[in-house]
Amino acid sequence: MINKIGQSLLGLSLCFMVSGCPSIYNSEYYIPVDNQVGDAQPLSKNDIIRVVIPSNFSQNLVKANSNNINKNDQMYIMDVVMYIALAKHETEKRLQNLGLNVINTGYHSGGNGHPTVIALVDSSPIEGSEESETHTWDAPVFTDDMGRTTLSEKQGVTINYKTYYYKVKLVRPEGKGNSLFECNSSNESRDYCIAPANPSNYQTIFTGYATLTTDNTTTGINVSHLTTAVFYNYPNMMGKKWV
């Protein structure tokens with residue numbers, strides 16, 4: 001199952017790169033954003049940034065590989081894994097687009113280098129957020145010679161929505177032995193750097209949080225919208241809530 005998850009991650013990223021997999025009934029995106037400024041020194045071109053993912057990433061991979069899990073739970077966990085992985089990659093891209101130095105990027109990134117700033121990221125579908133809307137209309141079946149409808153039938157379509165979130169915290173760890181500087185990568189984490197379970201002893205530069213409710217189920221597109229919203233016009237939108 002881990003290999004299948006890896007293939008899914010690869011397929012989703014490819015789908016995103018070629019701008020494919022659109023939603024048939026895609027609506028406009030309204031993304032509430034809550035960006036907060038911390039007390040730490042702002043980012044500079046001299047900083048070296050490493051993006052790390054939550055400790056539950058490896059745990060979720062193990063769960064997805066378990067034989068004692070039902071299909072629905074397995075699909076949800078796989079979804080969580082993919083959102084976290086793509087949140088890492090999209091965050092790296094946004095930071096690089098700002099002209100910042102980001103290390104340990106991409107798949108199988110490892111933990112080489114000496115970061116000065118850690119970006120803690122997370123993203124996932126929000127469990128229990130599913131909603132459905134049914135849209136109906138009268139479709140003409142027969143018309144007269146004047147084109148007027150003489151017989152119609154009710155038709156409709158049901159659209160399923162779900163809410164997704166993305167959050168990022170840019171921090172400056174304090175102390176040379178700070179566990180945030182440790183990569184903690186493994187085969188189970190696909191060599192991504194994993195954050196400590198309860199990170200502490202740091203100063204916060206910036207915290208960003210966004211949610212998206214959509215019928216689009218393509219992970220890459222949704223994560224791209226979320227990260228774009230958080231880093232839009234950075235750092236001018238810091239300290240603001242906006243939609």
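Taken together, the values in this text are just the output of simple stated rules run on the coordinates, not laboratory data. Computed from a predicted structure; not experimentally measured. Cβ placement follows ideal geometry from the backbone for every residue including glycine, while neighbour counts extend to all protein chains displayed.
Sorting Glu133, Glu182 by the number of Cβ atoms found within 10 Å of their own Cβ, with the fewest placed first, yields Glu133, Glu182. Set against the 2.2 N^0.38 Å expectation for a compact globular protein, the range 146-198 has a Cα radius of gyration ratio of 2.71.
Cβ crowding within 10 Å, taken as a proxy for footprinting-reagent exposure, orders Arg148, Arg172, Arg50 from fewest neighbours to most as Arg148, Arg172, Arg50.
Checking the table Lys88/Lys162; Lys45/Lys176; Lys71/Lys162; Lys45/Lys162 against a 28 Å threshold on Cα-Cα, which pairs fail? Lys45/Lys162, as the Cα separations exceed 28 Å there.
What does the C-alpha gyration tensor say about the overall shape of the range 177-233? Classify as rounded when a/c is under 1.5, otherwise prolate if a/b is larger than b/c, or oblate. Spell out each step's value before the answer.
On the way: a/c = 3.07, a/b = 1.52, b/c = 2.03.
Oblate shape, in that a/c is at least 1.5 and b/c is the bigger or equal ratio.
Scaling against 2.2 N^0.38 Å puts the C-alpha radius of gyration of the range 66-204 at 1.70.
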